[in-house]
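Asks: My questions all concern the structure below.
Just so it is clear, none of the values below were taken in a lab; they were calculated from the coordinates. This structure is a prediction, so every number in the text was calculated from the model and none was measured. Note that each Cβ is placed from the backbone with ideal geometry, even for glycine, and that neighbours are counted across all protein chains shown.
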Amino acid sequence: MSTDRRRLLINSASTIAIMGASKFAAGQNLKNPWDDNTWFMPDESAKHRRTWMAFGANARIWGDLLPFARANLALIANTISKHEPVSMLVRPTERNIAARMCDARVQLIEAPLDDLWIRDTGPTFVVNQAGELGGIDLNFNGWGKKQSHGNDARLARLVNRNANAQHIETELVGEGGGIEVDGHGTAVVTESCFINRNRNPGLRKRDCETLLKNLLGLRKIIWLPGIRGQDITDGHTDFYARFARRGVVIAGLETDRESFDYDVTREHLRILKNARDAHGRKLQVITLESPSRIRRKLETEDFAAGYINYYVTNGAVIAPEFGDERTDSKCNAVLRTLFPDRKIVQLNIDAIAAGGGGIHCATQQEPLHG
């Protein structure tokens, strides 16, 4: 079963005008105000203050999937709200719809939205030793100008204002889905997202690494190649590899030889098994195979049938299930072993998957601070 994700031809904006001039001029000083690593990004399993989501699916993008996508968003929010607070952004015109579908525990905040993928459109939260909260604005540009994003480009600032987080600016363009950290100085990042002309024309890999290290408080970045031009994200990390804890990575393994991810996931496994973290230790790498079959009702060419896109909350790990008893059970067993202090909850999120994403893509953690 292929894990093909949101493809390039999602709307008329998919014809990309490749940016010619580089904003990263040769010899430019790439240090940013946070180069002393005052700010750092905690691991997702660290305590959260809340989860952010966006009730942002719209008919222009989602078509007949719209009611199912909304139901999935509400299901995810209601499930998470049993374990920690949830703040859901919603268009003013759809507030009543969201209120009917979401539990009273889910806080609704009105905001203009283009789509639902807050992992990419919202801020990437960081904290410092003083207990302050910051939110990095990664200048969302519609995954390289592939989708309309006028409202979502301003979402990081809006969320930061509501979270009372310091708004942290950078010249980098990217998305939160392309970054995975262990909270102890190590990150896994896909080159295909950040070292890409449709986001950061002219940016050298070593300079991108410097900026990311300074922004996120990192000492080591493990680069995965990812894959350009096959899905709208250009291959986000959170569909390939996730830290379960310090030194332990869960990696996706595509079993469909026809999938563009078949060779890519094997190359990623090779890199991860030979990599060392910021403290010089080799990683323990655990694989999760993609399902060999899915439910057919909402199947699309873009269906994202992978287990790596789970989300860790304060009391539970929220993961997908696709109707393949063997691989669904394997996912549950692996997560129970790696997160023994949390409940494992698997949800049918077929509509979100049909749109090319997953639970992690539709959520963003705000770490506990202060």
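Asks: Could you go through region 250-262 in sequence order and give the Karplus-derived ³J(HN,Hα) for each residue, using 6.51 cos²θ - 1.76 cosθ + 1.60 with θ = phi - 60°, rounded to whole Hz, and x for Gly and Pro?
Replies: Using θ = phi - 60°, the values come out as 9, 10, x, 10, 7, 9, 8, 5, 7, 7, 5, 8, 4 Hz.
Asks: Show me the ranking of peptides 356-366, 266-276 by mean Cβ neighbours inside 10 Å, starting with the highest.
Replies: Details: 356-366: 26.9, 266-276: 16.0.
The packing order, highest mean first, is 356-366, 266-276.
Asks: Once amide H atoms are placed 1.01 Å from N in the peptide plane, what residues at a sequence separation of 5 or more from Ala278, or on another chain, have their amide H within under 5 Å of its amide H?
Replies: Answer set, sorted by chain and number: Thr186.
Asks: For region 331-342, take each phi angle, set θ = phi - 60°, evaluate the Karplus expression 6.51 cos²θ - 1.76 cosθ + 1.60, and give the result in whole Hz per residue in order, putting x for glycine and proline.
Replies: 3J(HN,Hα) across region 331-342, in whole Hz: 4, 4, 5, 5, 5, 5, 5, 7, 10, x, 8, 10.
Asks: Report, by chain and number, residues whose modeled amide H sits under 5 Å from the one on Leu133, excluding near sequence neighbours (fewer than 5 apart, same chain).
Replies: HN-HN under 5 Å from Leu133: Gln166.
Asks: While we're on this one: Consider the candidate values [x] 28, 53, 19, 0; [y] 18, 24, 20, 16, 10, 6, 3, 2, 1, 0; [z] 31, 63, 6; state which one is P(r) over Cα pairs in 20 Å bins from 0, in percent computed from the structure displayed.
Replies: After the calculation, the listed value that fits is [z].
Asks: Could you work out the local net charge near Asn58, counting Lys and Arg as +1, Asp and Glu as -1, over the other residues with Cβ closer than 14 Å to its Cβ?
Replies: Values: positive: Arg60, Arg70, Arg91; negative: Asp64, Glu94, Asp114, Asp115, Asp152.
Its environment carries a net charge of -2.
Asks: May I pose another question? Most mobile of Thr190, Thr300, Thr121 per a Gaussian network model of the chain (Cα springs, under 10 Å)?
Replies: Greatest mean-square fluctuation among the candidates belongs to Thr300.
Asks: Using the Cβ atoms and a cut-off under 11 Å, what net charge is assigned to the surroundings of Glu84, where Lys and Arg are +1 and Asp and Glu are -1?
Replies: Numbers: positive: Lys47, Arg49, Arg50, Lys82, Arg105; negative: Glu366.
Its environment carries a net charge of +4.
Asks: Another question, if that's okay. Quick one: what are the phi-derived ³J(HN,Hα) couplings along region 206-212, Karplus 6.51/-1.76/1.60 with θ = phi - 60°, whole Hz, x for glycine and proline?
Replies: Karplus-based 3J(HN,Hα) across region 206-212 equals 5, 6, 4, 4, 4, 5, 5 Hz.
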